[in-house]
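Every number here is computed from the coordinates shown, using simple stated rules; none is lab data. The structure displayed is predicted, hence computed values, not measured ones.
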Amino acid sequence: MEQKLILFDFDGTIADVFPVFVSFAKEEGFHPAPGEVDELRNLSMREVVARLQIPTWKIPFFAWKFHRYFEKVSGDVRLIDGMATAIQNLHGNGFTLGIATSNSASNVKKILNRENLSGCFDIIRSERNVFGKARTLIDIVRRFDVEPETVWYVGDEVRDVEAARKAGLKSVSVVWGFNSERILRSSNPDRIVTIPEELTKLFNEKIG
Ligand SMILES: [Mg+2]
């Protein structure tokens, strides 16, 4: 039987990380005006970086600091409601699941272990370069020896859609994470889902 591979982003897609990101940003001296946080959701990560005037060379440093902060508060990080069920369902239906994340693999594993979901994933890959996910996706596809166009990448940001496109994968955007539905739609993902149950339905019916 042909292997059906579905890859997931972690922050904002599986785990509810937006509140962690906002509290981290505040700790780093970002004090948003009313409505500014909502405004940032309409921007891609590249635009957020430009808006907050973060020099490119500092991005890896901030990513590292964010991983450390995340580690500290990981006990408080919750999964998106309905995602555990969706993941268990897809795994139970024979899909091969993986994670390509900009977070650290240890942070992701810690949370998946706590939620008893580790056994659902065949691969967890961390990409240090915030804008380097396409390379990780290509590596995973090669490792599983499948055709890229049969693989889906599920993510909550415009950069996830872009990475999937660059790697030749199909993309699903979820609207419950960092980016707003408006900007996700403008990035033209193959599908958009508004609740985790739609993910299960999409893969089981359309692809299964
Ligand atoms: Mg994300």
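Annotation: the antiparallel percentage among DSSP beta bridges lying fully within the chain is about 5. Taking every C-alpha pair closer than 8 Å and separated by at least 6 residues, the mean separation divided by the residue count of the chain gives a relative contact order of 28 percent.
Pairs over the 21 Å Cα-Cα cut-off, from the set Lys4/Lys110; Lys109/Lys201; Lys4/Lys170: Lys4/Lys110; Lys109/Lys201. Kindly provide the pair-distance distribution of the chain built from C-alpha pairs, with 10 Å bins from 0 and whole-percent values in order of increasing distance. Pair shares across the bins are 8, 37, 39, 14, 2, 0. Annotation for the range 78-150 versus the range 1-63: alpha-carbon center distance of 18 Å.
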